[in-house]
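Note sheet for the following structure.
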Amino acid sequence: MHDFWKIFVPLLAFLALLGCRGDDRPQIPYNKLPKNTVNDDFLAMNVGFMELEREEINHYIDSLNLNMDSTISGLRYRIDEVGYGDSVAKTDEVTVRYTITLLDGTTCDDLRDVVKIVRLGKGDLIKGLEESIRLLKVSGSGTFILPSYLAYGVSGKSGCVPPWSPVFCKVCLIEKNR
C-alpha cells in the first residue's frame, strides 16, 4: 500500500499541473470586441439619431425665432428673468414652477399654478430639468429645450412623452429653501 501512495501522489501532482497549464491559443480579452460588431452599428445609429434630433431642435428654435444658448450637455436655454443671488447648487432644496411640453405643443407636466419643492441631486427630476434649475437664480425664469437623453430618453413618459422625444420647458425658480 505504501508503494501505491509513492506513485499516486506524484502522478496526481503531475496531472494537476498539466490541467492548470491552460490553452496555448492567444485569448481575446472579453472587453475587446473585434471591429465591425453590433456595438459599432449601435454607436453609429445613436450618433445619427442624435444628429437628427439636434437638427429637429435647431429647426424648432429657428421656426419660433428663439434666441437660445447651449450648455456642453446639449441643453438649449434662454434666461427670461435673471433673478437675484447665487445660482443653486447640485444638492440644494428649491421651490419651482414649471411646464413641460412636447415640441408640437402637447402639455405633459403643468405646474404653473402649483409649486413643487425638490431636493436636487436625488433623481426626483429628469436630468435636463435639474440642469435647467441650476442655471437660474431665485425669482428667475427661463425657457429650455431638453434633448431626449436629458429628458425621458428611450422609455418616454407613459401617456404623454413618446420615447426619444425632446421637450420644451418653462421654469421659474421661486426660492432656495434653507
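Here are the numbers for this structure:
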{"item": "Which of Lys176, Lys127 is most accessible, then next, and so on - probe 1.4 Å", "result": "Lys127, Lys176"}
{"item": "Ser155/Asp40 FRET efficiency (R0 35 Å; Cβ-Cβ; nearest 0.05)", "result": "0.90"}
{"item": "Accessible surface, 1.4 Å probe, highest first, among residues Ile145, Ile72, Ile117", "result": "Ile72, Ile117, Ile145"}
{"item": "The range 49-109: Rg to Rh, with Rh as the Kirkwood radius over Cα pairs", "result": "1.00"}
{"item": "Full-extension gain in nm, Thr107 to Glu51, via 0.36 nm per residue minus C-alpha separation", "result": "17.7 nm"}
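The values are calculated or read from the model by the stated rules, or taken from the named source; none is laboratory data. All values reported here derive from a predicted model rather than from experimental measurement. Glycine gets a Cβ as well: all are built from the backbone with ideal geometry, and neighbour counts include every protein chain shown. Please note that ligands, DNA and RNA were not included when accessible areas were found on the heavy atoms of the full protein model with its side chains. Shrake-Rupley method; radii C 1.70, N 1.55, O 1.52, S 1.80 Å.
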